[in-house]
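Dropping a structure here in structure tokens format, bear with me for questions.
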Amino acid sequence: MSRSIERQYRAARMVQRRLNAVVRRLPHHTLLETTGRTSGLPRRTPVGGRRIGDSFWLVSEFGDRSQYVRNILADPKVRVRIRGRWHEGTAHLLPEDDPVARLRTLPRVNSAAVRLIGARLLTVRVDLAD
């Protein structure tokens, strides 16, 4: 990873940690819950995405460098809170999908932020069980 991408990742991570601590508490913000690959504890991450049919789509701004993506690699069973309601599902990483094109189908504000700070975009699809 280049130095500029590494700096970008560290800066974004620092901001996101503080911001995510607040956003996780908002009752209707979308959350992705994974299982910690080391701790086995639930890990909740605010995400921007969209439910399309029986799937929830999102784009990770740092690909397999994102902690929630690493957790998905260890255990793809996840939960997604959409409009205050939890849905169980199975997450799939889609490196063959065009994440920039995918962002055009997702909420604008979040997509703009992902494009602005992201360095290694990766599409994630969660197949919802209910």
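The values are calculated or read from the model by the stated rules, or taken from the named source; none is laboratory data. Please read these numbers as outputs of a predicted model, since none were measured by experiment. Please note: Cβ atoms are built from the backbone with ideal geometry, for glycine as well, and neighbour counts cover all protein chains shown. Heavy atoms of the whole protein, side chains included, go into the accessibility calculation; ligands, DNA and RNA do not. Shrake-Rupley method; radii C 1.70, N 1.55, O 1.52, S 1.80 Å.
Looking at segment 82-121, which of its residues are of a type outside the set (Ser, Thr, Tyr), farther than 18 Å from Glu61 by Cα and touching an Asp or Glu at 6+ places or on another chain (Cβ under 7 Å)?
Our first condition is that a residue be of a type outside the set (Ser, Thr, Tyr); within segment 82-121, this holds for 82-89, 91-104, 106-110, 112-121.
Now drop any that are not farther than 18 Å from Glu61 by Cα, which leaves 82-89.
If the condition is that a residue be of a type outside the set (Ser, Thr, Tyr), farther than 18 Å from Glu61 by Cα and touching an Asp or Glu at 6+ places or on another chain (Cβ under 7 Å), then His87, Glu88, Gly89 are the ones that fit.
Can I ask one more? Which residues, counting only those in segment 99-112, are open to solvent by 20 Å² or more (accessible area, probe 1.4 Å), in contact (Cβ under 8 Å) with a residue 12 or more places away in the chain and over 17 Å from Val69 (Cβ atoms)?
Within segment 99-112, Val100, Thr105, Pro107, Val109 qualify.
Next up: With Arg51, Arg70, Arg17 as the choices, which residue is modelled with pLDDT of 75 or more, open to solvent by 60 Å² or more (accessible area, probe 1.4 Å), not hydroxyl-bearing (Ser, Thr, Tyr) and not in a strand (DSSP E or B)?
Answer to the check: Arg70.
Further question: Tell me the residue from Arg37, Arg115 that is under 24 Å from Glu6 (Cα atoms) and at pLDDT 95 or above, please. Give the steps one after another, and end with the answer.
Numbers: Arg115 fails: at pLDDT 95 or above.
After applying the criteria, what remains is Arg37.
Which condition number in (1) free of Cβ contacts under 8 Å to residues at least 24 places away in the same chain; (2) of a type outside the set (S, T, N, Q); (3) surrounded by 16 or more Cβ atoms within 10 Å (Cβ to Cβ) is the one that Ala91 fails?
Failed condition: (1).
Separate question: For segment 30-76, which residues satisfy the criterion of being among the basic types (Lys, Arg) and free of Cβ contacts under 8 Å to residues at least 40 places away in the same chain?
Pass one, segment 30-76, residues among the basic types (Lys, Arg): 37, 43-44, 50-51, 65, 70.
Hits for segment 30-76 are Arg37, Arg43, Arg44, Arg70.
Considering only residues that are among the hydrophobic types (A, V, I, L, M, F, W, C) and closer than 15 Å to Leu31 by Cα, which ones fall in segment 73-105?
Within segment 73-105, the first condition is being among the hydrophobic types (A, V, I, L, M, F, W, C), and the residues that meet it are 73-74, 78, 80, 82, 86, 91, 93-94, 100-101, 103.
Within segment 73-105, Val78, Val80, Ile82, Trp86, Ala91 qualify.
Could I ask something else about it? Select from segment 74-110 the residues that are in a helix (DSSP H, G or I) and in contact with a helix residue (DSSP H, G or I) (Cβ under 7 Å, 6 or more places away or on another chain) and list them in ascending order. Lay out the reasoning, then the answer.
Going residue by residue through segment 74-110, those that are in a helix (DSSP H, G or I) are 74, 99-103, 108-110.
Residue satisfying the conditions is Leu103 alone.
Here's another thing I want to ask about it. In segment 77-88, which residue that is open to solvent by less than 50 Å² (accessible area, probe 1.4 Å) and not small (Gly, Ala, Ser) is farthest from Leu41 (Cα to Cα)?
At the first step, the residues of segment 77-88 found to be open to solvent by less than 50 Å² (accessible area, probe 1.4 Å) are 78, 80-82, 84, 87.
If we keep only those that are not small (Gly, Ala, Ser) as well, we get 78, 80-82, 87.
Working: Val78: 12, Val80: 16, Arg81: 17, Ile82: 21, His87: 18 Å.
Once the filter is applied, the top-ranked residue is Ile82.
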